[in-house]
Amino acid sequence: MQGYIPLICQGALITISLAVASLFLAMALGVICAIGKLSKFKPVALLCQAYTSLIRGVPDLVLMMLIFYGLQLLLNQITDFFDIGFIEINPLVAGIITLGFIYGAYFTETFRGAYISVPKTTLDAAFALGLRKSQVFRYVMFPLMMRFALPGITNNWLVVLKATALVSLLGLSDLVRATKIVGEATYAPLFFALIAGAFYLFFTSISNIVLWKLEKHYSIGIAKAKL
């Protein structure tokens, strides 16, 4: 490990930054497309349905290569059209866009399911009490949606976190790539693969604790079934 710790720690930092940024992008896309799928405007609903069906039907690695190289090709065509010099997409930015776009489809279903799970009678009761739309969303709709959505959010986040390992194939110097380089340099690939696995296990363990506390918070007042 001597001399290689900074490289591995930098790779771990890139990995967690990629995962968090991708999560926010995926959640934003998920909210927008969930609203779109629930829209009464058919073209928007069909477009969002096509997006989720396509993404969930094609392997993640294939989608990553298509999106990553497709973005670079599109940028090249734009620079050629305007006679601008070659611009290479930053691997981190490309990774965020790629993961966010892919997992936005999964968050779409998570948020759509959470929305339709909120009883309409509960919302009607809130309006009957004289609450405004913003107050109904803040005090009634959002807490109930989070209670239904958190299990799906937890699962999707853990999948996004582990999927960052695939982005190393696209040239990003993340944790997996860093440990691979060090493993090849020291002729100890198994040892450094275990180091990478330990980092991922640490990240997922911390995530589980934080998300468990959030789930507990949004489940206040909900009676648990006794077995």
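The values are calculated or read from the model by the stated rules, or taken from the named source; none is laboratory data. Source: prediction; values computed, not measured. Here Cβ is always computed from backbone atoms with ideal geometry, including for glycine, and neighbour counts include all displayed protein chains.
Please work out which residue is surrounded by the most Cβ atoms within 10 Å (Cβ to Cβ), limiting yourself to region 132-184 and to residues that are within 18 Å of the chain's Cα centre (by Cα) and not in a helix (DSSP H, G or I). The extreme case among them is D174. Taken over region 37-66, residues that are closer than 16 Å to Y103 by Cβ, assigned to a loop (DSSP other than H, G, I, E, B) and aromatic (F, W, Y) amount to 0.
Does any residue of region 67-82 turn out to be of a type outside the set (A, V, I, L, M, F, W, C), farther than 30 Å from S168 by Cα and part of a helix (DSSP H, G or I)? Scanning region 67-82 turns up no residue that is of a type outside the set (A, V, I, L, M, F, W, C), farther than 30 Å from S168 by Cα and part of a helix (DSSP H, G or I). In region 47-75, the residues that are touching a residue at least 40 places away in the same chain (Cβ under 8 Å) form Cβ pairs under 7 Å with partners that are among the charged types (D, E, K, R), at six or more places apart or across chains, as follows: C48/K37; T52/E109. A count restricted to region 107-131 and to residues that are more than 30 Å from V159 (Cβ to Cβ) and surrounded by 12 or more Cβ atoms within 10 Å (Cβ to Cβ) stands at 6. Residues in region 76-124 that are touching a residue at least 40 places away in the same chain (Cβ under 8 Å) and closer than 17 Å to A165 by Cα: P91, L92, A94, G95, I96, I97, T98, L99, G100, F101, I102, Y103. In region 150-174, the residues that are of a type in the set (F, W, Y) form Cβ pairs under 9 Å with partners that are modelled with pLDDT under 90, at six or more places apart or across chains, as follows: W157/L211.
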